[in-house]
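Take a look at the structure set out below.
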Amino acid sequence: MGQLIGATRKLRYRVFLLTTYSMGLRLGEALALEVGDIDSGRKRVHIRRGKGHKDRLVPLPDLTYDALRLLWQRHRHPRLLFPNPTGSMERIRQTTTPMDRGGTQAAMKAVVQACGIKKKYPSTPCATALPPICWSRT
């Protein structure tokens, strides 16, 4: 995973991948993160409306916290951690939507392809220890 994060050129995607991986978040959960969800004192993040529309608290690693601070200092959006990056800095600060889901997925696929990582699905033989079924008529 370090290879993927290191190969990501744009800061917003690098921080996004680090955040998603280090905290075990789903794509939609990471995109919806807000500044108020971060509890820096207790080093945890409040994930709102996760799978099954349930809230949960997730530990916040120090490396991820530092990366999120660095990204936020660049865009300084009052609410979103990953705002839509179109336009000038002033326009980014005023946007009401997070980064595009498709754009984030495309960036991830491009980095995976550039690193030469391929999915491998090892074949897993499935066998049972049950005796064969004998059908008899009674």
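Identify, please: which residue in segment 48-64 is free of Cβ contacts under 8 Å to residues at least 24 places away in the same chain and under 15 Å from residue 26 (Cβ atoms) and is, among those, surrounded by the most Cβ atoms within 10 Å (Cβ to Cβ)?
Residues of segment 48-64 free of Cβ contacts under 8 Å to residues at least 24 places away in the same chain: 48-49, 52-57, 62.
If we keep only those that are under 15 Å from residue 26 (Cβ atoms) too, we end up with 48-49, 52-56.
Working: 48: 15, 49: 12, 52: 5, 53: 7, 54: 9, 55: 10, 56: 13.
Once the filter is applied, the top-ranked residue is 48.
Within the group 74, 49, 42, which residue is in a helix (DSSP H, G or I), more than 14 Å from the chain's Cα centre (by Cα) and among the basic types (Lys, Arg)?
Values: 49 fails: in a helix (DSSP H, G or I); 42 fails: in a helix (DSSP H, G or I).
74 is the lone residue from the list that is in a helix (DSSP H, G or I), more than 14 Å from the chain's Cα centre (by Cα) and among the basic types (Lys, Arg).
From the list 101, 74, 42, which residue is touching a Gly at 6+ places or on another chain (Cβ under 9 Å) and either among the polar types (S, T, N, Q) or on the phi < 0 side of the Ramachandran plot (or both)? Don't jump to the end; show me each part of the working.
Numbers: 74 fails: touching a Gly at 6+ places or on another chain (Cβ under 9 Å); 42 fails: touching a Gly at 6+ places or on another chain (Cβ under 9 Å).
Testing whether each residue is touching a Gly at 6+ places or on another chain (Cβ under 9 Å) and either among the polar types (S, T, N, Q) or on the phi < 0 side of the Ramachandran plot (or both) leaves just 101.
Against the condition at pLDDT 90 or above, part of a helix (DSSP H, G or I), touching a Phe, Trp or Tyr at 6+ places or on another chain (Cβ under 9 Å) and of a type in the set (A, V, I, L, M, F, W, C), how does residue 67 come out, does it pass?
Numbers: at pLDDT 90 or above: yes; part of a helix (DSSP H, G or I): yes; touching a Phe, Trp or Tyr at 6+ places or on another chain (Cβ under 9 Å): no; of a type in the set (A, V, I, L, M, F, W, C): yes.
No; evaluated as a whole, the condition is false for this residue.
For segment 39-55, give me the residue count where each residue is in contact with an Asp or Glu (Cβ under 9 Å, 6 or more places away or on another chain) and modelled with pLDDT under 90. Explain how you work it out, then say what you get.
Going residue by residue through segment 39-55, those that are in contact with an Asp or Glu (Cβ under 9 Å, 6 or more places away or on another chain) are 43, 45-51.
Still in the list and also modelled with pLDDT under 90: 48-51.
Number satisfying all stated conditions: 4.
Suppose we filter segment 22-45 for residues that are in contact with a helix residue (DSSP H, G or I) (Cβ under 9 Å, 6 or more places away or on another chain), surrounded by fewer than 16 Cβ atoms within 10 Å (Cβ to Cβ) and either among the basic types (Lys, Arg) or within 24 Å of residue 102 (Cα to Cα) (or both); how many remain? Spell out how you get there, then give the answer.
Quick first cut of segment 22-45, residues in contact with a helix residue (DSSP H, G or I) (Cβ under 9 Å, 6 or more places away or on another chain) only: 22-23, 25-31, 33, 35, 38, 40, 43, 45.
From the residues that got through so far, the ones that are surrounded by fewer than 16 Cβ atoms within 10 Å (Cβ to Cβ) too are 26-28, 35, 40, 43.
Narrowing the set further to residues that are either among the basic types (Lys, Arg) or within 24 Å of residue 102 (Cα to Cα) (or both) leaves 26-28, 35, 43.
So the count comes out to 5.
The values are calculated or read from the model by the stated rules, or taken from the named source; none is laboratory data. The structure presented is a predicted model; accordingly, all values stated were derived computationally and were not measured. Ideal geometry is used to build each Cβ from the backbone, glycine not excepted, and the neighbour counts take in all protein chains shown.
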